[in-house]
Amino acid sequence: MVYDSGFYNLGVRPTPEDLSIGDQIGGVPLAFTKLAELIAAGPALDPLYDATKIAAIEAELAVDATTGLNELLIPISPLDLSPRPFVLEVACGPGLVGNAGGNGNGANGPNAGDGGEPANNPIPQCNPNVIPNERLLRNGAFKASDIRMTKATGPFFHNGSKMTLQHVVNFYETAGSFTTLNLENLDAGLRIFDLGPTDTAALIEMMETGLTDWRVMHEEAHFDHPELCVPNGHDPASGKTILAAIPAVGSTGANNPLATFEEVINSVTSANHEHSLTEPCTMPGIVTAGLSDIDVQNPVPAITSLDPASATAGGSAFVLTVNGSGFVGTSVIRWGNATKTTTFVSDTVLTTTIDAADIASTGPVDVTVANPPPAGGLSNTVAFTIDPV
Ligand code: HEM
């Protein structure tokens, strides 16, 4: 049995609903274990995967015969950004609980293995390869998160399903929410346990206080800031971005810490502060009355020619090409007062289909192009001629 190091199925969601790294994108598996299996056994193993792409990844991972180096070079640590060869390594880790022998008393220690913690001994019979059809623990496995700034990072888990750390501990105490349903992929280390109120409180206190940087909570140096304008939605009337203000704090920060997610969601009245995003930003030159002045403004379009420029009344449908300038992805061609479904080809070319009904009778038709806000506007008018039969 192999798994991607650091990824576990805890039963946060039913596995079939939330595959996580058990899934694939474009014929390439997200789990390294599955990739290793496909490389070891050949992509024919599973038709779900793209043999060509797997072969290309395998070639990238291989040592180059000329340079003696792996071709896939990536930084492997935030502390060392120099590119290093990426190696898809299958290693034997510490034994699972019960795998490394033991004396039957369930005690922890180097020889534990009968109900204690995993022993830090390699499993003697471990084969550091992924063999075909080996059991992979990848479906529904999520990356074990960093537990930092925990006072401020709720709600917890990848789907935000636990509002508080008490809920998180309760979840672990019952060995996850979907234990039975997920049994096939569940992490083997999960156990039902009861920490009791004193130890639970101490654990939560450790995570909330010990693992939280209080300079961040009070927004004090180095985490103070000037007034910040943050985008808070879209004003449909002007097409501009609404910019709300987060007020400036000095280097000594705010007296009271930031409100937690739980406090905000429960509208708890506490001295802790939250940023309501109801105050409009006031930065001159950037914002006017809370609306951004620096959104990308659409140009006013201009038409230089139509192709074709005329048709015969009663003729059949055709594609009209409008040449000009200032066209954007949201430009629309107008046929008289009607808006036509428009294809953006480039900022100088738009096309649309003119239906037979549009040229049923003779006469000129005004063709214009409209660009929506922000800014934008209507182009010059060019007449399309409909000749008599
Ligand atoms: C009582 C012991 C534990 C505590 C208090 C604890 C605490 C937490 C917390 C607070 C989070 C949420 C982090 C966030 O969303 O910001 C978390 C996530 C996670 N932990 Fe633990 N953990 C414990 C044991 C374990 C064990 C034994 C494993 C591995 C078998 C594990 C694997 C994970 C994983 C995979 C996630 C991410 C789950 C997801 O996002 O769906 N944890 N843990």
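Can you tell me which condition Leu88 does not meet? The list is (1) at pLDDT 75 or above; (2) exposed (fewer than 13 other Cβ atoms within 10 Å of the Cβ); (3) not acidic (Asp, Glu), and all the others hold.
Every condition holds for Leu88 apart from (2).
For every residue, the table says whether it meets (1) more than 16 Å from the ligand (Cβ to nearest atom); (2) surrounded by 12 or more Cβ atoms within 10 Å (Cβ to Cβ).
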residue	(1), (2)
Thr200	no, yes
Ile204	no, yes
Leu211	no, yes
His218	yes, yes
Leu243	yes, yes
Thr252	yes, no
Ile265	no, yes
Ile286	yes, yes
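What is the residue count in region 292-317 for residues that are surrounded by fewer than 15 Cβ atoms within 10 Å (Cβ to Cβ) and not small (Gly, Ala, Ser)?
So the count comes out to 7.
Which pairs do you get when a residue that is among the β-branched types (Val, Ile, Thr), found in region 195-223, comes within reach of a residue that is more than 10 Å from the ligand (Cβ to nearest atom) and in a loop (DSSP other than H, G, I, E, B), reach meaning Cβ atoms under 6 angstrom, with the pair 6+ apart or on two chains?
What qualifies is Thr212/Lys151; Val216/Phe223.
Tally the residues that are assigned to a loop (DSSP other than H, G, I, E, B), without any contact (Cβ under 8 Å) to a residue 24 or more places away in the chain and farther than 15 Å from Phe384 by Cβ, restricting the search to region 311-355.
3
Going through region 156-166 one residue at a time, which ones are within 10 Å of the ligand (Cβ to nearest atom) and surrounded by fewer than 16 Cβ atoms within 10 Å (Cβ to Cβ)?
Matches in region 156-166: His158, Asn159, Gly160, Ser161.
Looking only at region 123-155, which residues are in a loop (DSSP other than H, G, I, E, B) and near the ligand (Cβ under 8 Å from one of its atoms)? Spell out the reasoning first.
Step one: filter region 123-155 for residues in a loop (DSSP other than H, G, I, E, B), giving 123-135, 138-140, 144-155.
Ala144, Ser145, Asp146, Ile147, Thr150, Thr153, Gly154, Pro155 - these are the residues of region 123-155 that are in a loop (DSSP other than H, G, I, E, B) and near the ligand (Cβ under 8 Å from one of its atoms).
Out of all the residues in region 216-228, is one or more in a strand (DSSP E or B) and under 30 Å from Pro373 (Cβ atoms)? Spell out how you get there, then give the answer.
If we filter region 216-228 for residues that are in a strand (DSSP E or B), which is where we start, we get 228.
Retained after the next criterion (residues that are under 30 Å from Pro373 (Cβ atoms)): 228.
Scanning region 216-228, I find at least one residue that is in a strand (DSSP E or B) and under 30 Å from Pro373 (Cβ atoms), so the answer is yes.
What pairs come out if I take residues in region 294-310 that are in the same structural domain as Val367 (by TED's automatic domain parsing) and among the charged types (D, E, K, R) and pair them with residues that are surrounded by 14 or more Cβ atoms within 10 Å (Cβ to Cβ) and at pLDDT 95 or above whose C-beta lies under 9 Å away, six or more apart or interchain?
These pairs meet every condition: Asp307/Leu320; Asp307/Thr321; Asp307/Val322; Asp307/Asn323.
Return the residue satisfying two criteria in turn: it lies in region 1-47 and is within 13 Å of the ligand (Cβ to nearest atom) and in a helix (DSSP H, G or I), and of such residues it is farthest from Thr174 (Cα to Cα).
Of everything passing the filter in region 1-47, Glu17 is farthest from Thr174 (Cα to Cα).
The values are calculated or read from the model by the stated rules, or taken from the named source; none is laboratory data. What you see is a predicted model, and the numbers here were worked out from it, not measured in a lab. All Cβ positions, glycine included, derive from the backbone under ideal geometry; neighbour counts span all protein chains shown.
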